[in-house]
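Written below as structure tokens is the structure these notes are about.
Laboratory data are not the source of any read-out in this text; all were calculated from the coordinates shown. Since this is a predicted model, take the numbers as computed values, not measurements. Reconstructed Cβ throughout: ideal geometry from the backbone, glycine too, with neighbour counts over all protein chains shown.
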Amino acid sequence: MTESMTATAAVTEPAAGPTGRERAFGLIQRHGAAAVLVLLVAIGSFAFDRFPTGANLGNIAITSSFLAMVALGMTFVIITGGIDLSVGSVFALGGVLAAYAVRWGSLAALLLPLVVCGAFGLVQGLLIARVRLAPFIVTLAGLLGARGLLLSISGEGSTTYLIPHGALIARVGQGSVFGIGYPVYLTLALFVAGAVLLQRTRFGQCVYAIGGSEDAAELMGVPVTRTKVAVYVMSGLLAGLAGTLNAARLSSGVTILGTGMELDVIAAVVIGGTLLTGGAGSVSGTVAGVLLLGVIQNLINQIGDLSSSYQQVVSGAFLAAVVVVQTYLSRVQRLR
Amino acid sequence: MPDEEGPLLEVSGVVKRFTGVLALDRVSLELAPGEVHALVGENGAGKSTLIKVITGVYRPDEGTMRLAGRPADFAGPLEAQRAGIQAVHQEIGLVPALSVARNLLLGREPRRRFGTLDVGRMHREAERILASYGIDVDVRRPLRSLGVGVQQMVALARAVSVDARVVVMDEPTSSLEPREVETLFGVVRRLRERAVSVIYVSHRLDELYRICDGVTVLRDGRVVHQGPLADLERLRLVSLMLGRPVSDVRAGGVTRFSGGHDAARETPVVEASGLTRRHVLDGVSVAIRPGEVVGLGGLLGAGRTETAKAIAGALPLDDGRVTVAGTPLRRGSAAAAIRAGVALLPEDRKSEGVIGTLSVRENIALAALPRLSRAGLVSEARIDRIVETFMRRLRIKAAGPHQRVAELSGGNQQKVLLARWLATEPKILLLDEPTRGIDVGAKAEVQALIDELARDGLGVLLISADLEELVEGSDRVVVLKDGAVVGELSGGDLTEERVMTTIADAGGGVSR
Amino acid sequence: KSEDDKQAGAQDTAGQQQVAQTPAGNVPTCTIDKFGAHKFDLKSGVVGFSQSEKEANPFRIAETQSIKSEAKKLGIANLKTTNGQSQFNKQISDVQQLIAQGAQALVIAPLNSDGWEPVLQQAAAKHIPIITVDRQINATACKDYVTFIGSDFYTQGKRAADQMIKALGGKGKVAILLGASGNNVTTDRTNGFKDELKQKAPGIQITFQQTGDFAREKGQQVTEQLIQSNPDVNGLYAENDEMALGAVTALKGAGKKAGQIKIVSVDGTRNAVSQIPGGWISAVIESNPRFGPLAFQTLTKFLNGEAIPQKVIISDREYDASNAKQSVSSAY
Amino acid sequence: MTDTAAVPVSRLDRGRLLAWLQDYGVYAAIAALVLVNIAITPRFLSLENLRTQLVQVAPVVIVSLGMALVIGTEGVDLSVGSVMALTAALIPLYLGYGVVPAVVAGLLGGVAVGLVNGSLVAFVGVQPIVATLALFVGGRGIALVVAGGQLKDIHDQTLLDLGSSSMLGVPLPVVVAVVLTVVVMAVVRRTTFGRRLVAIGGNRTASELSGLPVRRVLLLVYVMSGLLAAVAGTLATARLQASDPSSLGLLMELSAITAVVVGGTPLTGGRVRVLGTVAGALLIQLVRATLIKHDLADSVAQMVQAVIILAAVYAARGAGRR
Ligand SMILES: Nc1ncnc2c1ncn2[C@@H]1O[C@H](COP(=O)(O)OP(=O)(O)OP(=O)(O)O)[C@@H](O)[C@H]1O
Ligand SMILES: Nc1ncnc2c1ncn2[C@@H]1O[C@H](COP(=O)(O)OP(=O)(O)OP(=O)(O)O)[C@@H](O)[C@H]1O
Ligand SMILES: [Mg+2]
Ligand SMILES: [Mg+2]
């Protein structure tokens, strides 16, 4: 008995190993994206004196916050081993619905989008979890469906509904404290909640278990169907909320938003270290992933006079570099 | 419980069809409170399927179940567990990526006031539970980093740590050491005292005779015998399982090794020296001569699997070298090892062995493809020949060579893997639990095969949790402990007792 | 080779924008004091230009090109440019970043007319004059922004309709290749066209309208489907030249003769205009992208304290069989 | 739970009919849609219409073939659309030296992209979706830089013939698509490479332990995907009679993946269904054509498309999970 004790005391992998150096290394491994982010910000601050200014960082924060909100939902979905392509359209739909509903007051402008987008998530979730259709296809259909609904509300996109200045919701979207917009604070709050939900609740455990092995999870008595439906509803709700706040900020339900957004979101999540195969990932990583994209974008503009084509080349190169470094840092982890 | 008298679990006329197969054919079974009931049968007889029906994984196509007198029709495992039916499944059925603690306590984690998990307590809890089963691992580690043996113990602990009314165990000991087996029996006895009924599936007959009261024998999905186990003597049981007259199965259950291939003077075909990996292996050296069967002995976590993997280039090493027929292998390259003629039958068949989406045929041919193809084009004819041979030789029970391996029974999957490696015509065979989950008939077959291969001049490394098999089958046994060689037994010294004592007497191994 | 003389075309002054002859007075004017911006010296100051779409189609290429070259001509040292890559939120943050980088005046080619609230607020706070080109911003001129310089897409639609009526002799069946859905330009060019037809030529009916996303391949594919499902259409209105050219390829592929189906499109790219003499395209309404000179002229005036109109509508030309040959060189 | 490793614990056992549907759902859906069209769409059965649909779908089919292989290894290739753009951009540059060099250059572009994707996935170990995302973004950029953002008309007759001429009545693009389909089918069914790629998709660890050249196979798979996309780009360019790097192949990745999945290849890898993929592409084309021909408004069209896609995979239920 005692022998086997000592045996295992010794038998532990380096990452969890005792020495401080190893622990630090493990930390970097687990937060590869964050490490890269720090690196990039450092470089940026060094290279462009206009980069580290409060105003500029504030811009990055506010622009990233909407993507982040959507990415939060996507993180849960991807950890269950699923995917949600509909977020871009749902994001846009949420905005249009908010602007459409504001005529009945700010509360309606908040609730209608949440209800509709939540319903979208619910339907998708049921099709995936109960009918067992492929998430990719279901949410692809969702992408088309939401966009279609948006167009039909806005007369094939010809009418843009406006949110009057006075409206409470507009003030929520546009107000700021310490030069940082409310949406940023809200996003932060949501991420804290998300982190707790994922790491510190049974629901979170189920999410990981399903992603790790859906069969095993089912055998262990995890409410697989319910959990999966829940994450897609969450994703829908968050996308809708983000769209609503964005519309509030722009004080209009712009119809051309969100095309291709799903890829940015997925990229952010995956760069954040979440595995598309499910079962592993973290909310904090997603934050880093989102900010990385934002910073890259910002730095490209800092460089200034690049033609749009070169901008794409550069951001592609940035992306490649980032994922390579990030993968390299967290490789040991994945192989374990 | 409502009625103490009547059976606790009552399965009647259950039928389960899969496309092509009739897995269960009007199976009935009664389970008295506190009864330990053996469920036996050949590979593919339908044991696991029956268990999955009982635990709500499958819905029966026909037939009914009653639990404590009340009709039971489970929509899923969750409902079955709520009703008090817990299970240890054949392929463990835990989440490899999650930590040991989370696997153990998933769904019943200790929580704080606001329903948030109390991780600290979760880990202490998990450590406490596992310790009570003699397992003592870092519960923060992902489950997959542990050997299958430990994983099985975790699954067991999980199943019985809640108070269930029926506990189903599908080959729970298939990779457990004698020590853990004893622990498990202790658990079973405690359950029995608490009037919890147990369904126990195993291909190790002596185990059955030690703890089971009643027995149900399945063959091809049909019940061929039911009754108290005591009245049924061993050979009869085997003959019932295999459906062959007692006379044929004389040796059944006992190993089929002839032992003693004198290869002493040959030069080693494979020589591993100073294999070292932090915390796992500590300068392990093994040499295998052609025609020799070398066994690896040791407790769970002794590092036998790791040793085998290291030789096969499937484990990154800090130090040590492996030479095959004199030429050193490139370190950490499985492909190179295979080209040199080293074949490793992995212990964890689900994650390291079978490719479930592919057919039996493709799985068997996989490793031998270079031999079975010309200019990158595969020769269907040759593949057919090989596949046909091995499916007959190993009595692989499948709808046909084109059935997907995922749909095969556990034991048959094991046979497919064995076939895959034999098809490569290796110089050295590293067998990690080769007869794991294989029925007595096929087991004898496999052992005879190993024996014969050794005669043909193959070097064999045998790892087996089944001490009898290990001792009978090996010419020499190298005993490991904590990742280091602590002794070697051969000839007259090679007995089960000596192996155990060698382990017990030995001091530590891995750097501590 | 065709590339080089396109560049040349962009440089030479032929095809320069003209301000539409609008009787002075009825257009309200704007002065720097009224707007309340700070004077500064263009040459040394920081000017930001925010382009909405990739410079990957003739219009955008020429537009950016003309802004940049004009700036160079005026010796504006510090022109910062960004590109929204057709993502509206990106363009918003682009402009905000320009402001953060200290831009003292902004020239914006908006991707969308609505949703500029955040930018306008920040700009107002810093009294930064904004001139929007080619698309309007739905806000108050001389208060939220200084002025708008550009074409009137609705009118472009009407003029396209007139050409179509001329080409079809007042009756027939017309198909529309719409631009990208939800796009202001699409909406205006469609409404203009439809209203004009309703008014002037009830004999012409619109039997088909599908989006071609402003792209040539899509235009080709939709047309291929169209000529089989609606073989009776004899007029086709493409809301930009690319789709028109795609349609031409489709018609050729289907073995149709030039002029069998009358095509009218909007933009005035060289490729399209050069199809007119051959008869494949009947007429092209220009939408002139060369905003550089006009924009900086206006800005200079404004900074000098002169009064400038709050809306500068440029007069777009029309190309048809009568003038295509000679004016193709000045097309972009 | 090995017994259900691939058939997750579900109650899918509804016997033969469902099994049949799982394998042939796409074809059923196509048949249904064709019948509907015959009923409601004028001149649907005409030869021209058939030609149009086949010619339009040819590039999608070709790209989807490559995508199917990638997905078979549990990967995905988002860069296909950008590859088409890159090819389109490269061709006119070398048209001066003749058609062959130009086309070769275009194809090499695709191979290059494939090599980068493949290396990132196989050797660095980046997740396929992000690895290919980099070139999804950057590739089109490179294409536009190469082409100076310009759309160029193409006048070289031999190249144009690639898109417009036909071989015994069958348009050349269609011929190419058919040939490539057969080739890919042979690769998947008959070659060790084919066996290996599905094995890797099915269980990478097991494949490595079985001594398969996992990295080489992965690299090759992405190269093939790039090459096929380049072929598609060449044909599309020839047919468009112009090189349009800015919009050629936009959203192609989505169409291709949809085709593959609707065709019954699971995104979880371990299985490649070539004919199913072709059918999937045809189905999508048929849906779009139907919606256009009946002049549905974009809003309605998109929703209908969503419903039909769902219906199709519902028919092929379980065949392609995730
Ligand atoms: N999902 C499935 N699809 C099709 N056939 C299946 C499936 N699961 C099991 N079978 C078949 O049902 C029969 C019984 O399988 P089962 O796993 O119950 O055997 P078993 O008694 O557990 O064998 P072993 O001792 O090897 O575990 C086998 O022939 C197997 O091929
Ligand atoms: N009883 C145990 N106590 C602590 N750790 C263990 C125990 N058993 C296994 N482990 C851990 O699992 C890892 C793999 O051990 P594994 O079980 O594969 O070794 P083994 O000698 O092959 O045993 P077996 O093959 O019987 O499972 C070891 O490195 C060790 O860290
Ligand atoms: Mg079994
Ligand atoms: Mg082992």
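Taking every DSSP bridge with both residues inside the protein assembly as shown, close to 45 percent are antiparallel.
Look at the Cα gyration tensor of segment C:149-211: its axes a ≥ b ≥ c give a/c of at least 1.5 with a/b at or below b/c, and that counts as oblate. The tail of the calculated P(r) for chain D, taken as Cα-Cα distances beyond 35 Å, holds 21 percent of the pairs. Working ranking of peptides D:81-93, A:35-47, B:45-57, A:157-169 by packing, defined as the average number of other Cβ atoms within 10 Å per residue, highest first, is D:81-93, B:45-57, A:157-169, A:35-47. Computed from Cα atoms, the angle from the helix A:32-47 axis to the main principal axis of chain A rounds to 60 degrees.
Shielding by partners for B:348-355, please: the mean number of other protein chain Cβ atoms within 10 Å of each residue's Cβ.
Numbers: counts 2, 2, 6, 6, 6, 6, 6, 14.
Taking all residues of B:348-355 together, the mean is 6.
Each 5 Å bin from 0 upward holds the following percent of the Cα-Cα pairs of segment D:228-297: 3, 15, 18, 20, 21, 14, 7, 2, 0.
A 22 angstrom limit on the alpha carbon distance is what I want to check against. Which of C:Lys158/C:Lys301; C:Lys257/C:Lys325; C:Lys90/C:Lys143; B:Lys47/B:Lys350; C:Lys90/C:Lys158; C:Lys54/C:Lys262 exceed it? Working shown, then result.
Details: C:Lys158/C:Lys301 32 Å; C:Lys257/C:Lys325 20 Å; C:Lys90/C:Lys143 24 Å; B:Lys47/B:Lys350 18 Å; C:Lys90/C:Lys158 32 Å; C:Lys54/C:Lys262 31 Å.
Too far apart for the 22 Å limit: C:Lys158/C:Lys301; C:Lys90/C:Lys143; C:Lys90/C:Lys158; C:Lys54/C:Lys262.
Residue-wise HN-Hα couplings along segment D:33-48, as the Karplus relation 6.51 cos²θ - 1.76 cosθ + 1.60 with θ = phi - 60° gives them from phi, are 4, 4, 4, 3, 4, 4, 6, 10, 9, x, 6, 6, 7, 5, 5, 4 Hz; Gly and Pro carry x. Expressed per residue, the C-alpha convex hull volume of segment A:43-148 stands at 139 Å³. Relative to the Cα centre, the charge distribution of the protein assembly as shown, modelled as +1 at Lys and Arg Cβ and -1 at Asp and Glu Cβ, gives a dipole magnitude of about 1920 debye. Starting from the Cα of C:Lys198, draw a straight line to each of the aspartates and glutamates and keep only those under 17 Å, dropping any in the same chain fewer than 8 residues away. Partners within reach: C:Asp162, C:Asp188. Each 20 Å bin from zero up to the one holding the largest Cα-Cα distance in the protein assembly as shown carries the following percent of pairs: 9, 34, 32, 18, 7, 1.
What number does segment C:64-111 give for Rg over Rh if you use C-alpha atoms and the Kirkwood radius?
Radius of gyration relative to Kirkwood radius: 0.98.
The Cys residues in the protein assembly as shown with no partner Cys Cβ within less than 4.7 Å of their Cβ are A:Cys117, A:Cys206, B:Cys212. Roughly how tilted is helix A:135-153, in degrees to the nearest 10 and between 0 and 90, from the longest Cα axis of chain A? Approximately 20 degrees, to the nearest 10. What angle do you read, to the nearest 10 degrees and between 0 and 90, between the alpha-carbon axis of helix A:54-79 and the longest principal axis of chain A? Once rounded, one gets 70 degrees.
Over all other residues within a Cβ to Cβ distance under 15 Å of D:Glu253, the charged ones net out to -2, with Lys and Arg as +1 and Asp and Glu as -1.
Each listed q (0.10 Å⁻¹) maps to a log10 I(q)/I(0) for chain B, found by the Debye formula over equal Cα scatterers with no solvent: -0.81. Backbone geometry of segment A:234-246 corresponds, through the Karplus equation with coefficients 6.51, -1.76 and 1.60 at θ = phi - 60°, to 3J(HN,Hα) couplings of 3, 4, x, 4, 5, 4, x, 4, 4, x, 4, 4, 4 Hz, x marking Gly and Pro. Using only alpha carbons, segment B:34-102 has a radius of gyration to Kirkwood radius ratio (Rg to Rh) of 1.00. The mean number of partner chain beta-carbon atoms within 10 angstrom of a residue's beta-carbon across peptide D:190-198 is 5. Taking 13 Å as the straight-line reach from the Cα of C:Lys311, the aspartates and glutamates in range (excluding those fewer than 8 positions away in the same chain) are C:Asp134, C:Asp152. Within a straight-line Cα-Cα reach of under 20 Å, B:Lys481 can be paired with the following lysines, leaving aside sequence neighbours fewer than 8 residues apart in one chain: B:Lys309. Most tightly packed first, judged by the mean number of other beta-carbon atoms within 10 Å of their residues, the peptides A:209-221, C:153-165 read A:209-221, C:153-165. Net charge of the neighbourhood of A:Val222, taken over other residues with C-beta under 12 Å away and scored Lys/Arg +1, Asp/Glu -1, is +2. The relative contact order of segment B:87-224 comes to 25 percent, based on Cα pairs under 8 Å that sit 6 or more residues apart.
Determine, for each peptide in A:227-236, A:197-206, the mean count of other beta carbons within 10 angstrom over its residues, then list the peptides with the highest first. Could the numbers behind the result be given before it?
Numbers: A:227-236: 25.6, A:197-206: 19.5.
In decreasing order of mean packing, A:227-236, A:197-206 become A:227-236, A:197-206.
Shielding of peptide C:85-94 by partners, expressed as the average count of other chain Cβ atoms within 10 Å per residue Cβ, is 6.
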